[in-house]
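The values are calculated or read from the model by the stated rules, or taken from the named source; none is laboratory data. All figures in this text were calculated on a predicted structure; none of them were measured in a lab. In this analysis, Cβ positions are derived from the backbone assuming ideal geometry, glycine residues included, and neighbour counts consider all displayed protein chains.
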Amino acid sequence: MNRHEIPTHLNVEDKAIAGLTMRQLMTVAIGLGLSYGAANQLPLPMPVPAVLGALIMAAIAVAALWRPGGRPMEDWAFVLLRYWAIPRVAVWRVRRSDPSQRRKDQTYEVVLPDSAWTTTVTEERSDGR
């Protein structure tokens, strides 16, 4: 009896229907619903809803099928929203102290915490333990 090892580390999404992944299939289904709603429910002259529905279908096809940089468009939308949310300008200023309060003999001192795990056995015995 032959045994075959099935690789499980390929990082490939499973295909659902017509070579589309489940994410792509759901995006296309939502887009079809949106384009149908735009073409059917809006009280506009006939050419306008048809063009609007076609534009929505084209946008959804791009969102579902185009993967720039190997990542889906939802990831790029998240990156864009995060970019817009954070400030893009950072200002660094030197903190200036008041020269009248500065002492001539002022020096800097390095203070290191004394941690228990760095204490050696000889130091513990010198304490009387």
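If you go through the range 34-47 and keep only what is loosely packed, with under 13 Cβ neighbours inside 10 Å and part of a helix (DSSP H, G or I), you end up with Asn40, Gln41, Pro47.
Which residues, counting only those in the range 10-25, are loosely packed, with under 13 Cβ neighbours inside 10 Å and assigned to a strand (DSSP E or B)? I'd like the intermediate steps shown before the answer.
Kept after step one, since they are loosely packed, with under 13 Cβ neighbours inside 10 Å, are these residues of the range 10-25: 10-15, 17-19, 22.
Scanning the range 10-25 gives Lys15, Ile17.
Is it the case that the range 42-57 has a residue that's among the small types (Gly, Ala, Ser) and within 19 Å of Ala77 (Cα to Cα)? Scanning the range 42-57, I find no residue that is among the small types (Gly, Ala, Ser) and within 19 Å of Ala77 (Cα to Cα), so the answer is no. For the range 73-89, the set of residues classified as over 22 Å from Ile60 (Cβ atoms) and not aliphatic (A, V, I, L, M) consists of Arg82, Tyr83, Trp84, Pro87, Arg88, listed by residue number. In this structure, Ala63 qualifies as within 19 Å of the chain's Cα centre (by Cα), modelled with pLDDT of 80 or more, surrounded by 13 or more Cβ atoms within 10 Å (Cβ to Cβ) and assigned to a helix (DSSP H, G or I).
Just so you know, in the range 14-30 the residues that are within 24 Å of the chain's Cα centre (by Cα) and of a type in the set (D, E, K, R) include one that is modelled with the highest pLDDT, and it is Arg23. So, Trp76, is that one modelled with pLDDT of 90 or more, under 17 Å from the mean Cα position of the chain (by Cα), surrounded by 12 or more Cβ atoms within 10 Å (Cβ to Cβ) and in a helix (DSSP H, G or I) or not? Spelling it out, Trp76 is indeed modelled with pLDDT of 90 or more, under 17 Å from the mean Cα position of the chain (by Cα), surrounded by 12 or more Cβ atoms within 10 Å (Cβ to Cβ) and in a helix (DSSP H, G or I).
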